[in-house]
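Below: one structure, written as structure tokens.
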Amino acid sequence: MTKERPILPNLINANTTETETFQNEVLRPIIKMQHDLLIAFFKSYLEKRKIDFIVLSEQKKRAKIKSVLEKDIQFKNTIIGSVLGHFTIDEYEAYNKNSSEFNRRITKIIIQRLQDSILELK
């Protein structure tokens, strides 16, 4: 199965910084393309750790998603790696210049994406 990065229009304007441009032209499309895989990763994480996610309230589910991606470094690195694996060499070189900032942004975007997809995590 081949996947193509979606094109996300209207995210870049004259005031957009270089970091934001990379985020919106590279990171967001890859994360959107990897949506189903990210859901599967998180479901597997919950299952392996025997976390009964379904019984949690909506607020606790959101908090659990945030907590997992902020505190479980190994899982967070797996998720980040699934994004990095779709970079071209040029994109990797741009990422590598400010990797800690981009890792923070990747994590933040994925937390929001998972929180917005709680119904898919059943």
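The values are calculated or read from the model by the stated rules, or taken from the named source; none is laboratory data. Just so you know, these numbers come straight off a predicted model, no measurement behind them. FYI the Cβ positions are ideal-geometry reconstructions off the backbone, even for glycines, and counts take in every protein chain you see.
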Does at least one position in the stretch 94-113 carry a residue that is outside any helix (DSSP H, G or I), surrounded by fewer than 17 Cβ atoms within 10 Å (Cβ to Cβ) and without any contact (Cβ under 8 Å) to a residue 12 or more places away in the chain?
no
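Out of 50, 60, which single residue is loosely packed, with under 11 Cβ neighbours inside 10 Å, charged (D, E, K, R), over 17 Å from the mean Cα position of the chain (by Cα) and modelled with pLDDT of 95 or more?
Details: 60 fails: loosely packed, with under 11 Cβ neighbours inside 10 Å.
Going through 50, 60 in turn, just one is loosely packed, with under 11 Cβ neighbours inside 10 Å, charged (D, E, K, R), over 17 Å from the mean Cα position of the chain (by Cα) and modelled with pLDDT of 95 or more: 50.
Just checking, does the stretch 45-52 include any residue being in a helix (DSSP H, G or I) and touching a residue at least 40 places away in the same chain (Cβ under 8 Å)? Spell out the reasoning first.
Taking the stretch 45-52 first, the residues in a helix (DSSP H, G or I) are 45-48.
Then keep just the ones that are touching a residue at least 40 places away in the same chain (Cβ under 8 Å); that gives 46.
The answer is yes, given that some residue of the stretch 45-52 is in a helix (DSSP H, G or I) and touching a residue at least 40 places away in the same chain (Cβ under 8 Å).
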Quick check on my filter: what residues within the stretch 63-95 are more than 13 Å from the chain's Cα centre (by Cα) and of a type in the set (S, T, N, Q)?
67, 74, 88
State all residues of the stretch 57-93 that are more than 23 Å from residue 47 (Cβ to Cβ), in a helix (DSSP H, G or I) and not hydroxyl-bearing (Ser, Thr, Tyr); if no residue qualifies, say none.
84, 89, 90, 91, 93
Output the number of the condition that residue 65 fails; it satisfies all remaining conditions of (1) under 21 Å from residue 4 (Cβ atoms); (2) of a type in the set (A, V, I, L, M); (3) buried (at least 17 other Cβ atoms within 10 Å of the Cβ).
(1)
